[in-house]
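These notes are about the structure you will find just below.
Bear in mind these aren't lab numbers, they're just calculated from the coordinates by the rules spelled out. Please read all numbers here as calculations on a predicted model, not as lab measurements. Every residue, glycine among them, receives a Cβ derived from its backbone with ideal geometry; neighbour counts consider all protein chains shown.
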Amino acid sequence: MTEGAADHGSRRFTAREAIALVSTDFTDLPAPAPPGSYGPDGPLSWQGYGASRARAADRTGEEESVVCGTAAVEGKDGRTTPAVLISFEFGFLGGSLGERTGDRLEAAHTYAREHRLPVVSLVATGGSRMQEGMRALVQLQRVARQSALTRAARLPQIAVLRDPTTGGGWATLGAGADVILALPGAQVGFAGSRVRPPDADPAAYTAEAQLAAGAVDAVVPERELPEALAGWLRLLTDPSTDPVPPPPALGGAGLPATGWEAVHAARAPRRPRAEAYLNACFERRAAISGDRCGGTDEGMLCGFGVRAEDGRTVAYAAQAGTATRPAGYRTATRLIRLADRLRIPVLTLVDTPGAANDAEAERQGAGAAIAELFAAVAGAETPVTTLLIGEGGSGGALALAAPDNTWATPDSYFSVIAPELAAAILKRPAEDVRATADQLHIRPQDLVDLGVVRGIVERGL
């Protein structure tokens, strides 16, 4: 029936069962009038298509492969967020996309823009409907256009991947969403099970594999989905134009006397790292994961959180003290551009010895990834605040730093290059590394004097 119908995966839900997972307050949107120019067998006059549609309607109780409406998504705290819900009915011709499906999807996005509502897609589809040929396939362009208009309207889009999510539905409503959640074991991939190479590894076409490849933000168990979705909707619908003040320092309060002391303090094994700062700054966080290009970097923590001090939503991108890989830079770029579009302020935490410089990092496009992050930070209209919390190693650290709004902790340093590498480039002996550190003027107080940082934050109470 479809370009990528699937045969296995996790538990399957009807469209309305999926809706009931996340909301008990759902109202259908009026269905657009069906096109009048076709006979019962559709634009290709595919013999038996009309009868197949009728049987699907009798079996599912639905008139098309998607159900669209408005809902209040409620979290455990009783707070609700209104949204437009799009839920696929896989029992209706494999959840395939046809022209009437496109009509409903366009109407749902139009309603969302007119009423300033986020869009949540509960996806379960095998792809485009063969019985409508190219008239079905071009619906992907139509869906992409509607998604782009909703994006331009600065409204968030969240996808929940059910079993299966394949074909054009994955390549538009699924992979094109701002935040992508998936149910465990769901089959996810552009190629459905019936059209893959015979030797394809089925484990590669799962929600878990897509998470590992940076294409999904989180795999969420069914029982946790309502709270996860409610939390994301609250986070992404809380714009603010006020910059975030830098968090207080968590480490030692004394300033280093020498450049080498600054390096030693920043590299201390027990110095507070990004996770400690994020835990102190936010009362609740939700992470995004992956660069959408096949990679993840555990050393770059990105997501959105509720600031403990005032309850505001803040986006964060934080280096965790490791050499940052290209996927980490691309994930941070994705985070900052999403926050900029949704008008959510950003906090970045800088702590890296520098960009990963191994051969694999070069093959993964390290230079281009760093360039994109520089551009995202420089071009952001939403306020960006940076706190240097440890090592600031060259351009790999500077790419995450906000121009004119970067602060430093007492146990940090920023340098054009690590003192050891600077000495090596200058062909100095190892015993000259400490003197080189002083010459580089890398202490927090030096950075203030040079105008590189605005100030040094004090230790919190």
query = Which order do peptides 14-23, 121-130 fall in by mean Cβ count within 10 Å, highest first?
reply = 121-130, 14-23
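For segment 259-449, state the semi-axes of the equivalent ellipsoid (square roots of 5 times the eigenvalues of the alpha-carbon gyration tensor), sorted largest first and rounded to whole angstrom.
Working: eigenvalues 154, 75, 39 Å².
That gives 28, 19, 14 Å for the three semi-axes.
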inquiry  = Give me, ordered by chain and number, the residues 5 or more places off Arg459 or on other chains with an amide H under 5 Å from its own placed amide H.
reply    = Ala249
inquiry  = I want the antiparallel fraction of DSSP beta bridges within segment 66-157, as a percent rounded to 5.
reply    = 60 percent
note = Nearest-0.05 FRET efficiency for Ala72 and Asp310 at R0 = 25 Å, using Cβ-Cβ distance, is 0.50
key: Positive-end extreme of charge dipole, segment 259-449 - chosen from Pro269, Ala380, Gln445 (charges on Cβ)   = Ala380
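Per the Kirkwood treatment, what hydrodynamic radius in Å, one decimal, follows for the chain from the mean inverse distance over all distinct Cα pairs?
Computed over Cα pairs of the chain, the Kirkwood hydrodynamic radius comes out at 23.7 Å.
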query = Looking only at Cα atoms, what is the convex hull volume of segment 91-157 per residue, in Å³?
reply = 74 Å³
key: Other-chain or far-sequence residues with amide H under 5 Å of Phe282's (modelled H)   = Ala308
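Sorted by average packing, counted as other Cβ atoms within 10 angstrom per residue and highest first, what order do 135-143, 278-286 take?
135-143, 278-286
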note = Stokes-Einstein, Kirkwood over Cα pairs, segment 325-395, 37 °C, 0.692 mPa s; D in µm²/s equals 259 µm²/s
ask   = Taking the simple approach of a point 7 Å from Cα along Cα-to-Cβ for both Leu255 and Ala368, what is their distance in nm?
value = 4.4 nm
note = In Å, the Kirkwood hydrodynamic radius from C-alpha pairs for segment 153-232 sits at 12.9 Å
note = Karplus ³J(HN,Hα) for segment 196-213 (6.51 cos²θ - 1.76 cosθ + 1.60, θ = phi - 60°; Hz, whole; x = Gly/Pro) runs 7, x, x, 9, 5, 6, x, 5, 6, 9, 10, 4, 5, 5, 5, 5, 5, 8
request  = Bin all alpha-carbon pair distances of segment 15-236 at 10 Å intervals from 0 and give each bin's fraction as a whole percent.
outcome  = 8, 35, 37, 16, 3, 0
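So how strong a dipole does the chain carry about its Cα centre when Lys and Arg Cβ are +1 and Asp and Glu Cβ are -1, to the nearest 20 debye?
It comes to approximately 460 debye.
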ask   = Kirkwood-based Rg over Rh for segment 133-279 (C-alpha set), two decimals?
value = 1.15
request  = Let me have the relative contact order for the chain, percent, based on Cα pairs under 8 Å that are six or more residues apart.
outcome  = 12 percent
key: Loop sites in segment 25-84: trypsin sites (Lys or Arg not before Pro), DSSP, at most 13 other Cβ within 10 Å   = Lys76, Arg79
task = Post the alpha-carbon centroid distance, segment 256-317 to segment 190-248, in whole angstrom.
result = 20 Å
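Relative contact order of segment 91-139: what whole-number percent is it, with Cα pairs under 8 angstrom and at least 6 residues apart?
Numbers: 40 pairs, mean separation 28.6, N = 49.
Across segment 91-139, relative contact order equals 58 percent.
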remark   = In whole Hz, the Karplus estimates of ³J(HN,Hα) for segment 98-114 (6.51, -1.76, 1.60; θ = phi - 60°; x where Gly or Pro) are x, 5, 5, 4, x, 4, 5, 5, 5, 5, 5, 5, 4, 4, 4, 5, 5
request  = Show the residues, 5+ positions off or on another chain, whose built amide H is closer than 5 Å to the amide H of Thr165.
outcome  = Thr125, Gln187, Val188, Gly189
query = Sorted by average packing, counted as other Cβ atoms within 10 angstrom per residue and highest first, what order do 418-431, 60-73 take?
reply = 60-73, 418-431
query = For segment 185-267, what Kirkwood radius comes out of the mean inverse Cα-Cα distance, in Å?
reply = 18.2 Å
query = What relative contact order, as a whole-number percentage, does segment 259-449 give when Cα pairs under 8 Å and 6 or more residues apart are counted?
reply = 21 percent
ask   = In sequence order, what are the phi-derived ³J(HN,Hα) couplings for segment 426-431 according to the Karplus relation 6.51 cos²θ - 1.76 cosθ + 1.60 with θ = phi - 60°, rounded to whole Hz, with x for glycine and proline?
value = 7, 6, 9, x, 4, 5
